[in-house]
Amino acid sequence: MFSFALWDAAGKHLFVARDRLGKKPFNYSLAANQFTFASEIDVLVQHPGVSSQMDREALELYLQLQYIPAPWTIYREIRKLPPAHFGIYDQSGLHLQRYWNVNYRAKQSPSEHEALDGLESVLQEAVRLRLIADVPVGALLSGGVDSSIIVALMAGLKSDPVQTFSIGFTAEAFNELPYADLVAKKFQTRHNPRIIDANVEPLLANVVRRYGEPTRTPLRSHPFSSVLRRAKKSQL
């Protein structure tokens, strides 16, 4: 996963790119005859040359889809570099091109046993690649299927214990720490569970600002649902 920009001094152009699935953000603005970019939308909005005027088309997409897809953002003068795209910015402007797409055609016809073995092999290789880092690597363990499988594969690939981190809540209906503890014990990880029991309502404005644009969390299933409802009513 990546997003980056490279200046070609000899060719007098800027090369930008984003990873295939768009896991790393890349936001940019072409306002005021300049190319401004950042990983966070909020940073671009602070730029004096970038307007904070809302994009009504993006708002319509948000109301339909409950998120704002690339290349739109909630701001008219800010756009997202789409996943699996690169771009070249020069005197003639910004030129984007897709470099990868999903091929949905059937390429193999494996049996169920072969498919299961193949899936395990692919997952193991994906985890192995992500263990290559110049900083300590850990896992956010919820106790669900996805994170538990990742921790199991990490434990099989690492010689030292895996560091795992889990977040729990005082409300039992939303607390998954017992499941995470079971996985941590099975694979003998260095487990770091934490319980959130502080008053989170004052943090909501900062959380919204960090997203940079509207996003949706189902209120009925969110552990902070009562807080979010109160905040919504106060805004109305």
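The values are calculated or read from the model by the stated rules, or taken from the named source; none is laboratory data. As the structure is a computational prediction, the values presented were derived from the model and not from experiment. Cβ: placed from backbone, ideal geometry, glycine included. Neighbour counts: every protein chain shown.
The table that follows gives values for the structure above.
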| item | result |
| --- | --- |
| Leading residue by the ranking (modelled with the highest pLDDT) among those in segment 178-203 that are surrounded by 11 or more Cβ atoms within 10 Å (Cβ to Cβ) and over 15 Å from Ser147 (Cβ atoms) | Arg190 |
| Conditions (1) of a type in the set (Lys, Arg); (2) surrounded by 14 or more Cβ atoms within 10 Å (Cβ to Cβ); (3) at pLDDT below 95: number failed by Arg128 | (3) |
| Within segment 26-45, considering residues that are touching a helix residue (DSSP H, G or I) at 6+ places or on another chain (Cβ under 9 Å) and within 16 Å of Arg209 (Cα to Cα), the one surrounded by the most Cβ atoms within 10 Å (Cβ to Cβ) | Asn27 |
| Subset of segment 46-81 (residues that are in a loop (DSSP other than H, G, I, E, B), surrounded by 16 or more Cβ atoms within 10 Å (Cβ to Cβ), of a type outside the set (Ser, Thr, Tyr) and in contact (Cβ under 8 Å) with a residue 40 or more places away in the chain) | Ile68, Ala70, Ile74, Glu77, Ile78, Leu81 |
| Selected residue (only one of Val151, Val145 is surrounded by 12 or more Cβ atoms within 10 Å (Cβ to Cβ), modelled with pLDDT of 85 or more and either under 20 Å from the mean Cα position of the chain (by Cα) or under 30 Å from Gln53 (Cβ atoms) (or both)) | Val151 |
| Filter result for Leu153 (more than 23 Å from Ile196 (Cα to Cα) and either assigned to a helix (DSSP H, G or I) or without any contact (Cβ under 8 Å) to a residue 24 or more places away in the chain (or both)) | yes |
| Condition check for Trp100: out of contact with any Phe, Trp or Tyr (no Cβ under 8 Å at 6 or more places or on another chain), within 21 Å of Phe35 (Cβ to Cβ) and either assigned to a loop (DSSP other than H, G, I, E, B) or of a type in the set (Val, Ile, Thr) (or both) | no |
| Members of segment 1-35 found to be touching a strand residue (DSSP E or B) at 6+ places or on another chain (Cβ under 8 Å), of a type in the set (S, T, N, Q) and more than 30 Å from Arg130 (Cα to Cα), listed by number | Ser29 |
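To keep it simple, each residue is scored yes or no on (1) outside the structural domain of Phe26 (by TED's automatic domain parsing); (2) surrounded by 14 or more Cβ atoms within 10 Å (Cβ to Cβ); (3) at pLDDT below 80.
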position	(1), (2), (3)
Ala171	yes, no, no
Glu176	yes, yes, no
Asn206	yes, no, no
His222	yes, no, yes
Ser226	yes, no, yes
